[in-house]
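Data first, discussion second: the structure below is written as structure tokens.
The values are calculated or read from the model by the stated rules, or taken from the named source; none is laboratory data. As the structure is a prediction and not an experimental result, all values here were calculated from the model. As a convention, Cβ positions derive from the backbone with ideal geometry for all residues, glycine included, and neighbour counts pool all protein chains shown. Just the protein is used for accessible areas: all its heavy atoms, side chains included, with ligands, DNA and RNA removed. Shrake-Rupley method; radii C 1.70, N 1.55, O 1.52, S 1.80 Å.
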Amino acid sequence: MTGKKKDIRALTKDQLRLFFEEIGDKAFRGNQVYEWLWSKGAHSFDDMTNISKTTRQLLEDNFVINHIRVDQMQRSTDGTIKNAVRLHDGLIVESVLIPTATRTTACVSSQVGCSLDCKFCATARLKRMRNLNPDEIYDQVVAIDRESRLYHNRPLSNIVFMGMGEPLMNYNNVLEAIDKITAKEGLGMSPKRITLSTSGVPKMIKKMADDQVKFKLAVSLHSAIDEVRTSIMPFNETFPLLDLKEALEYWYAKTKSRITYEYIVWDGINDRKEDIDALIRFCSYVPCKINLIEYNPIDDGEFQQASGKAINNYISALESTGIVVNVRRSRGKDIDAACGQLANKS
Ligand code: SAH
């Protein structure tokens, strides 16, 4: 195809301004093109009507505009929408729109596949193929915002990085995408409406704190006992709970932002009293709340959602110590759009 041409959306605004300066045009032209590329979502240089024809040709000769394409859109009976998104090199990721009475949330992917190996997650089976670029993350959000307006008559209100991939293993690109999502020239969304969910990479949690990010942090905990956690999330061997605790304390000291722990209760894995006690202890380290997530089966055996009674034991023990617990029901199960099901079928 266009082997030698560069993806113009990989350039920052300053780099675009410089490009125009270097060809003897006005730096300001860079701002105009930037606006076309990001807030106006132009797919072709010909769309850029306030740019002269000669300049558009010059851009055409030097650059391409890579865009994602929604290959397939599936709608669940509960209003959830799943997009299979084709990237410029043919790889596919998935993103999901989750409507509730009060908000519309986009669940976006940060990697093709995943570098981690959580035993209960369908994405882990794909292994990591590559990181998504900032524009590929941004475009997923734009596509979902469009669908939200079209099918639910309201703009997107929240974003969660809970799709495919481990966002902290693609930190720079995720941050750049969030910059564009929150920028005035981008989508102008408040960072408070964005949540990054991580399996817990201590070094990167500290880096986020140092970078003074303004979005929210969720950690997929699932067990506060090293032995158990390592058996279901093997990377816990490399990043044990003590390191995670220390990183989260650092995060809270710097950001004063409460952490959400995501937690699934499985039959015979983490449904004992000692599992609950360990979680309560872990919750004492930094201000937090717990989201108990419903398990979405990805195969036929090893992992089974615990009984209602076991889950109630968690809820009453946590609440009696003053910890806030939310029970999160799955959405979009009929189209394999629920947590951990992404890439089950493609
Ligand atoms: N890598 C990041 C984000 C992607 S996973 C992370 O680990 O947080 C998003 C959430 O879905 C995580 O809380 C994860 O633990 C959860 N999840 C994974 N597989 C699941 C499954 N089969 N059922 C329910 N939730 C699952």
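Going from the alpha-carbon gyration tensor of segment 1-130, what semi-axes, largest first and in whole Å, does one get by taking the root of 5 times each eigenvalue?
One finds semi-axes of 35, 19, 13 Å for segment 1-130.
Sticking to Cα atoms, compute the Rg of segment 237-346 to one decimal and its Dmax as the biggest Cα-Cα distance, whole number, in Å.
Radius of gyration, then largest Cα-Cα span, for segment 237-346: 15.4, 43 Å.
Can you give me the % of accessible surface on segment 136-247 that is carbon or sulfur? Probe 1.4 Å, all protein chains present, nothing else counted.
Carbon and sulfur: 50 percent of the exposed surface of segment 136-247.
Which one of Ile23, Asn50, Val64 is farthest out on the positive end of the charge dipole of segment 6-64, using unit charges on Cβ (Lys, Arg +1; Asp, Glu -1) and the Cα centre as origin?
Ranked along the dipole, the leading option is Asn50.
So, with a 1.4 angstrom probe, what is the percent of accessible area on segment 6-64 that is carbon and sulfur?
Details: 1530 of 3260 Å².
Carbon with sulfur: 47 percent of the solvent-accessible area.
Hey, rough spin-label estimate for Arg125 and Ser320, points 7 angstrom out along Cα→Cβ, what's it come to in nanometres?
A separation of 4.0 nm, rounded to one decimal place.
How long are the semi-axes of the equivalent ellipsoid of segment 132-268, taking √(5λ) for every eigenvalue λ of the Cα gyration tensor, in whole Å from largest down?
Each semi-axis is √(5λ); the values are 29, 18, 13 Å.
Averaged per residue, what accessible surface does the chain expose to a 1.4 Å probe, in Å²?
Computed with neighbouring chains in place, this is 46 Å² per residue.
Given only helices, namely DSSP H runs of n ≥ 4 each adding -39500 (n - 2.57), what is the per-residue ellipticity at 222 nm of the chain, to the nearest 500 deg cm²/dmol?
Values: 10 runs with 116 residues, N = 346.
Result for the chain: -10500 deg cm²/dmol, rounded to the nearest 500.
Under unit Cβ charges (Lys, Arg +1; Asp, Glu -1), what dipole magnitude, rounded to 20 debye, does the chain have relative to its Cα centre?
That gives the chain a dipole magnitude of about 900 debye.
Starting from the eigenvalues of the Cα gyration tensor, five times each then square-rooted, give me the equivalent ellipsoid semi-axes of segment 69-335, largest first, whole Å.
After scaling each eigenvalue by five and taking roots: 29, 21, 19 Å.
Report, to the nearest 10°, how far helix 241-255 tilts away from the longest principal axis of the Cα atoms in the chain, using its own Cα long axis and a range of 0 to 90°.
Taking Cα atoms only, the helix is inclined about 60 degrees.
With N set to the number of residues, divide the alpha-carbon radius of gyration of segment 6-64 by 2.2 N^0.38 Å and report two decimals.
0.97
Taking a label point 7 Å from the Cα of Thr54 along the Cα→Cβ vector, which residues of segment 15-44 have an amide N closer than 16 Å to it?
Under 16 Å, as judged by backbone N against the label point of Thr54, lie 20-27, 29 of segment 15-44.
Quickly work out the Asp211-to-Lys289 label distance, labels modelled 7 Å from Cα along the C-beta direction, and quote it in nm with one decimal.
Each label point is offset 7 Å from its Cα along the Cβ direction, giving 2.5 nm.
Out of all DSSP beta bridges with both ends in the chain, state the antiparallel percent to the nearest 5.
Values: 19 of 44 bridges.
DSSP beta bridges in the chain are roughly 45 percent antiparallel.
Just to be sure I understand: if I project the alpha-carbon convex hull of segment 107-159 onto a plane and average over all orientations, what area do I get in nm²?
Its Cα hull, projected and averaged over all orientations, spans 4.4 nm².
Can you tell me the dipole magnitude for segment 286-346 around its Cα centre, using point charges on the Cβ only (Lys, Arg +1; Asp, Glu -1), in Debye to the nearest 20? Mind dumping the intermediate values first?
Details: 7 positive and 7 negative charges, 57 e Å.
For segment 286-346, the charge dipole is close to 280 debye.
Are there cysteines in the chain with no second cysteine's Cβ under 4.7 Å away, and if so, which?
Isolated Cys, the chain: Cys107, Cys114, Cys283, Cys288, Cys339.
Of His67, His222, His152, which is the most mobile in a GNM of the chain whose springs link Cα atoms less than 10 angstrom apart?
Of His67, His222, His152, the most mobile in the Gaussian network model is His152.
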